[in-house]
Amino acid sequence: SKQVYLVEHMKNTAQHGRMMHLKAIVFLRPTLANVELLKAELADPHFSQYHVYFSNVVPQEYLAQVAKADVHEVVATVQEFYADFFAVNADTFTLNLPVSLSLSLPKDMWGGGQERSFARAAEGVLGVLLSLKLKPTIRYQGSSDLARAFARKLQQSVLSESALFTFRSAAGGGGPPLLLVLDRRDDPITPLLTQWTYQAMVHEMIGVNDNRVDLSRAPGIRKDLKEVVLSPSDDAFYQKNMYANFGDLGVAIKELLNRYQREFKDNQNLNSIEDMQNFVERYPEFRAMSTNVSKHVAVVEELSRLVDQHKMMDVSQIEQELAC
């Protein structure tokens, strides 16, 4: 009733004891390890009710195990909610598979890690298709055994879950959408070249993990800026400049600072009760602007430091000559 929620990992529920006045929403990937955690929780429930949402298609044997474990009959809902991927931008997602390059090894050299990465990639793309309600025509790069194997695995998954893929075609016709599977190794140029746009530079030089940027290594960084969030969905400046090149980004940062300084001066002139009232009403907006300015200035300052430290201008010139 007060819009207060407790958010935690399932394996931590035993730390606070029973809270039977609360209902639980459980959101988890349909993996064996997660199902085992859910079964253990249902065998010794800490909440009055459980509404279980799986982020992808759930194998029937997992559902049977969950049903059998619900001896106290506390499960009220079980649904599939297709969100088995990490949305970076409105048009870009990732599956956070840092070892996926090892899939390029011959299949007879694959170990458990490669098998899991391959299966995870197929599951993730299946989840994306269900989330976007798309039943595509799948095409793959004929010269790549890996692309062929991935396309076939995905096609098998779509056929086996045909009851879920009953979406109508998009308005206007034009046939089904195309899912194109390409092999990253056929582009030797892009990995060679340093990217000089805002989002790409942060990704390559500092690192982005689920839209979070770790600035803790930046010299003299303020405590509240050691980790910042760069997300185009709730940051208008980032949305506008994420593809801006480094030079234009510097100009945009200067304009952002100038705008903030003008706002700051306006808020210093409190000559009447009305001025004070306006300031109080605008204070949350002003505070958010101040935080946003500090964040982007800190990120760009760290990028500049790294560019100088690693002599990226000289390196980039050599890269361009090699590529051309």
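The values are calculated or read from the model by the stated rules, or taken from the named source; none is laboratory data. The structure presented is a predicted model; accordingly, all values stated were derived computationally and were not measured. Cβ: placed from backbone, ideal geometry, glycine included. Neighbour counts: every protein chain shown. Surface accessibility is based on the protein's heavy atoms, side chains included, excluding ligands, DNA and RNA. Shrake-Rupley method; radii C 1.70, N 1.55, O 1.52, S 1.80 Å.
Summing +1 for each Lys or Arg and -1 for each Asp or Glu among the other residues whose beta-carbon sits under 11 angstrom from that of LYS39 gives -3. Residues in the stretch 301-310 carry Karplus couplings, in order, of 4, 5, 4, 4, 4, 5, 4, 5, 4, 9 Hz; the curve used is 6.51 cos²θ - 1.76 cosθ + 1.60 with θ = phi - 60°, and Gly or Pro positions show x. Which one is right for this structure if semi-axes √(5λ) of the Cα gyration tensor in Å is calculated from it: (1) 40, 33, 20; (2) 28, 25, 21; (3) 32, 25, 19? The value matching this structure is (1). FRET efficiency for the ASP210 to LEU32 pair, using the beta carbon distance and R₀ = 30 Å, is estimated at 0.80. Projecting label points 7 angstrom from Cα along Cα→Cβ for SER294 and LEU306 puts them 2.2 nm apart. Remark: the chain carries a charge dipole of roughly 440 debye about the Cα centre, counting +1 on each Lys and Arg Cβ and -1 on each Asp and Glu Cβ. Compared with the direct C-alpha span, the chain from SER231 to MET19 gains 72.9 nm at full extension, assuming 0.36 nm per residue. Taking the protein heavy atoms of the chain in the context of the full set of protein chains, the accessible area attributed to carbon and sulfur is 54 percent at 1.4 Å. In the context of the full set of protein chains, residues of the stretch 120-253 present 60 Å² of accessible surface per residue (probe radius 1.4 Å, heavy atoms only).
The sum of -39500 (n - 2.57) across all DSSP H runs of n ≥ 4, divided by the residue count of the chain, sets its helix-only mean residue ellipticity at 222 nm to -14500 deg cm²/dmol. Across the stretch 1-83, C-alpha contacts under 8 Å between residues 6 or more apart give a mean separation that, scaled by the residue count, equals a relative contact order of 32 percent.
One chain, two ends: GLN49 and ASP248. Fully extended at 0.36 nm per residue, the span grows by 66.3 nm beyond their Cα-Cα distance. Per-residue extension of 0.36 nm, minus the Cα-Cα distance of ALA90 and ARG168, leaves a gain of 25.8 nm for this segment. What the stretch 35-109 shows is 57 Å² of accessible area per residue, with the surface traced by a 1.4 Å probe over protein heavy atoms. Assuming R0 = 25 Å, can you tell me the calculated FRET efficiency for the pair ARG116 and ARG152, based on Cβ-Cβ distance, to the nearest 0.05? The value I calculate is 0.85.
A Förster radius of 25 Å combined with the Cβ-Cβ distance from PHE264 to GLN317 puts the calculated FRET efficiency at roughly 0.05. Ranking PHE118, LEU42, LEU215 by Cα position along the charge dipole of the chain, where only Lys, Arg, Asp and Glu carry charges on their C-beta atoms, puts LEU42 farthest toward the positive end. For the chain, DSSP calls about 40 percent of its internal beta bridges antiparallel. Using a cutoff of 8 angstrom between alpha carbon atoms and counting only pairs six or more residues apart, the relative contact order for the chain works out to 11 percent.
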